[in-house]
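Presented below is the structure to which this report refers.
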Amino acid sequence: MSAEALAKISREIKRDKTIHLEERAQAKPPSKNYHQVLVNSKGVVFRTWKIDPAHGCHGHDPEGSVEEKAVTFADFIDGELNDSVLLVFGQDVLDTFLSKCREIS
C-alpha cells in the first residue's frame, strides 16, 4: 500500500469520534508524559502528550508536542503499537484492547 493510502487511512481513523474503548494514563516516573489509547469504529489510536514539568507543555510547541499514531484493527492485532500499549498500560489492558479489536473486525 502506498504512503498516501496509509496516510488517508490514518486520517480517517483519527477523525472517527465513536469510542468503543479508551484508557488514559501518565507515564511511569520520571516521565510526566500523558498517554491515551482508544478503539473507535475504524481502528486504534495511540496518543502521547510530551509534558515539560517546568512549563506544563513542551516548551517548543504550544500544542504540547502531541504524537499520534493510528492503525487499523488488523495492524493492531498483528502487533503494531502493542509494545507502546504494553509499556504504558500493562498486559491486562493490551489483552482487553486486542480482544475488542478482534470482536469489532
Checklist entry - Residues of the range 71-88 with amide nitrogen under 16 Å from the 7 Å Cα-to-Cβ point of residue 12? => result 71-76
Next on the checklist: If each residue of separation counts as 0.36 nm, what is the full-extension length gain between residue 4 and residue 52 once their alpha-carbon separation is subtracted?
Outcome noted: 14.0 nm
Item to check | Translational diffusion coefficient (Stokes-Einstein; Kirkwood radius from C-alpha pairs) of the chain at 10 °C, 1.306 mPa s, in µm²/s | outcome: 110 µm²/s
Checklist entry - How large is the charge dipole for the chain, taken about the Cα centre, if only the Cβ atoms of Lys, Arg (+1) and Asp, Glu (-1) carry charge, to the nearest 20 debye? => result 240 debye
Checklist entry - Once the Cα atoms of helix 91-104 and of the chain are each reduced to a long axis, what angle between those two axes, in degrees from 0 to 90 to the nearest 10, is obtained? => result 40 degrees
Checklist entry - For residue 40, which sequence-distant residues (separation of 5 or more, or a different chain) have an amide H within less than 5 Å of its own amide H, given hydrogens modelled in the peptide plane? => result 20, 45
Checklist entry - Taking only Cα atoms, what is the 0 to 90° angle, nearest 10, from helix 3-15's long axis to the longest principal axis of the chain? => result 80 degrees
Next on the checklist: Between residue 91 and residue 67, what is 0.36 nm times their sequence separation minus the Cα-Cα distance? Round to one decimal in nm.
Outcome noted: 6.4 nm
Checklist entry - From the backbone phi of the range 45-50, what are the Karplus-calculated ³J(HN,Hα) couplings (6.51 cos²θ - 1.76 cosθ + 1.60, θ = phi - 60°) in whole Hz, Gly and Pro given as x? => result 10, 10, 10, 10, 9, 7
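Read-outs: derived from the displayed coordinates by stated rules, not from any lab. These numbers were taken from a predicted model, which means no experiment stands behind them. Using ideal geometry, Cβ is built from the backbone for each residue, glycine included, and neighbour counts are taken over all protein chains shown.
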